[in-house]
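The structure appears below as structure tokens.
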Amino acid sequence: MADVHPEHAQLQADRIYLGWQYALLHPDPGPAPKRPSPVDDPVDQVDPEWERRERLNEALLNRPVRIFRTFMTGLAALILMLGLTQVLSWSFAVAGLIATGGVAVFCTHAIHQGDRAVRHRVRERQAVGERRRKERDRDLFQAQEEHAARYREWAEKKERYDRQLTWYAVAVPDEIDRIDVAGGTLPGWSALITLLGATRLYSGGHLTVLDLSEGAIAKDLIELARRGGDDPLVWVLPVDLPKLDLGATLAPEAFADVLAHVVSVSEEHRTTRDLSFDNAILERVLEVLGENATINQVTAALRALAQVGDPRDDLRFGLITAAQLERIGTLFGRGVSDRVVIERAWALESQLRKLETLGSEAVRLPPARLRVVSMDRQAGVLGNRVLGTYVATALTHILRQSPASERPWYHTIIVAGADKLRGDVLDRLMDACETSRTGLVLTYRSLTPTVRERLGRGHAAVAFMRLGNAEDARVASEHVGTEHRLELAQLTETISAAGAGLDGGYVSTIGHTEEGEDEPSVSRTDLKEDITESTEWGRRATKAMGETERVLHRSREFLVEPHQLQQLPTTSVIVTDATAQGRRVRLADANPAILTFPKTTLGEFDEIKEAALESTEEEEFVETTLFHEAPPNLGPPPARLDWRRRQ
């Protein structure tokens, strides 16, 4: 298996990276085994106080004998003196000396025997203490040998624990058609889109971001792309609407369909019949105006059809001609239907006038691998919905006319805030991306009925982020399954809690592009370094890593329950996808800065775990073969196999 350590692993173009899973392949071995220490037991030594008492007792027992011996010695001296003075005859004196001397010698022997007994008991006590010390030393040596073996085993486990990877990539194969992201906050979306977009760009793909969130969530991704050698194109609508040429090359029928869907954005309960009616009106108007008709020409024709304002103003500005004005007046007959046509034409004009400046100052833009179309948060809410619907519908028609890509997800489209689009607009975009093999990522702020009907439909992966609404959290927990137990790293909670909101907004690049500029040369640099230097997530994580070193290996488990989903950290993502082995549920951290951590790998946990098990089985087989079946003198054992260096 190829090495998956970050210093050697490469981004794989056939995988869509959604975050990093915290997992420990080797458990914490705990503290080191305590070394046994020798115990200085005073019981094993001869107590001087005991020895003194023993000698004192012996002296007390021998006191009468000593007194009697002294008496007999004095009596012998008296008899000798009497014999010398011839008071007693020498026969009696000698007999008396022998008797008293014998008794004195016997007493002395008795006293000496008592002293020997005391010395024997002291030596015996010393011998017992010496035997105990030897036994204790032997036990201590054996315990130290066992401790050394346990410590070597612990040190090996500790080394594996300290060296092991802790963050594994959470990716889905490019065989899926779509990724639905439900819930989340703007900072969480920023992290996810930065990671997903950066890995697509750095693996050679192209990316289009339609940001309907009005939160500048792709700002870090733009800076990251610039540092990587790209020159992204950023439109901020409606300011850049005159330079947006999206949909300018569409046929009149497709253009009429796009405009009909744009008009329907404010009418949630419109039927297919109403949409077809608007489409028919627009097709007839475009037929009168001819090819390459602009939006302001269409709105002028609709004003003439709805009899709104003075058509002479539009004639004076050259928006329509007199012949076109005459034909428009005869497009529909007179009678009852006239009022219906007038009402619909008036409604169409009121919506499409928000797009009147579209493409009026279009210039030839250089090719770019990253395109971002965003909505200005200071613009009107309805106007932004109209603009977003137009961009999404125009992209749909462009994809329908494009041939299928040879490589899936080579071109990826991210729609942030897709719950602001109508259901039929989303359906058409999904179908167009599926047939053209274009990757599609849809993020939904809330699980509306429209979103629930489409969440995970088809061959799609579903990702859940923080769901503040209780009902949305309940639906998400039922979708994932409350029986799953997931592990959440404390580092994720710490960095997410320290993260601030998004600052500022997008800066348009359309006004700074030079016409006719060639495609910029792409010279990819180190993705880890680029994330650290050019993204807010990288700088924030670097600061947090220095302050939270003590929590790198701490985590907690939780069940997928509604109240837990409402308390998920900002960057946490629960990813669910279907595989041949069954449905997978994984918890990931979408923070792109985790790639810069020293113990992060681009390999997935299941793959690395399987490789480690295979390596362990192979190692056990080699050791069994060499040490149990081979001759004894084979030299030192072979070096341990490192699964991360296997090819």
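Tell me which lysines have Cα within less than 28 Å of K420's Cα, excluding those fewer than 8 residues away on the same chain?
K219, K243, K354
Rounded, prolate or oblate for the range 431-510? Axes are the square roots of the Cα gyration tensor eigenvalues, ordered a ≥ b ≥ c, and the cut-off for rounded is a/c under 1.5.
The shape class here is oblate.
Less than 10 Å Cβ to Cβ from Q21, Lys/Arg counted +1 and Asp/Glu -1: what total charge do the surrounding residues give?
Its environment carries a net charge of -3.
Can you give me the % of accessible surface on the range 319-436 that is carbon or sulfur? Probe 1.4 Å, all protein chains present, nothing else counted.
With neighbouring chains kept in place, the figure for the range 319-436 is 53 percent.
Could you tell me what percent of the accessible area of the range 85-124 is made up of carbon and sulfur, with a 1.4 Å probe and every protein chain present?
68 percent
Amide H to amide H under 5 Å from I16: which residues, 5+ apart in sequence or cross-chain, H placed 1.01 Å off N in plane?
Distant-sequence amide H within range of I16: V172, D174.
Where the accessible area of the range 157-236 is counted over protein heavy atoms with a 1.4 Å probe, how much of it, in %, is carbon and sulfur?
Using a 1.4 Å probe with all protein chains present, the range 157-236 comes out at 46 percent carbon and sulfur.
Just to verify a number: FRET efficiency for Q126 and E156, C-beta to C-beta distance, R0 = 60 Å, to 0.05?
Given R0 = 60 Å and the Cβ-Cβ separation, E is 0.85.
Once you order the gyration tensor axes a ≥ b ≥ c over the Cα atoms, which shape class does the range 206-255 get: rounded for a/c under 1.5, otherwise prolate or oblate by comparing a/b with b/c?
Note, shape of the range 206-255 comes out prolate.
With a 1.4 Å probe and every protein chain left in place, work out the accessible area per residue of the range 400-482 in Å², rounded to a whole number.
For the range 400-482, the per-residue accessible area is 41 Å².
Using a/c under 1.5 as the rounded threshold, could you call the range 52-151 rounded, prolate or oblate? The axes a ≥ b ≥ c are square roots of the C-alpha gyration tensor eigenvalues, and prolate needs a/b larger than b/c, oblate otherwise.
In terms of gyration-tensor shape, prolate.
Among the listed pairs K158/K599; K34/K134; K528/K609; K34/K599, which are separated by more than 20 Å between their Cα atoms?
Beyond 20 Å: K34/K134; K528/K609; K34/K599.
Packing-wise, with mean Cβ within 10 Å as the measure, how do 353-362, 117-126, 452-461 rank, highest first?
Result, highest mean first: 353-362, 452-461, 117-126.
How would you order 599-610, 319-330 from highest to lowest mean count of nearby Cβ atoms within 10 Å?
In descending order of packing, they fall as 599-610, 319-330.
Just to confirm, what accessible area per residue do you get for the range 21-108 at 1.4 Å probe, in whole Å²?
For the range 21-108, the per-residue accessible area is 70 Å².
The values are calculated or read from the model by the stated rules, or taken from the named source; none is laboratory data. Because the structure is a prediction, the values reported are computed rather than measured. Cβ sites come from the backbone with ideal geometry, for glycine too, and all protein chains shown count toward neighbours. Only protein heavy atoms, including side chains, enter the accessible area calculation; ligands, DNA and RNA are left aside. Shrake-Rupley method; radii C 1.70, N 1.55, O 1.52, S 1.80 Å.
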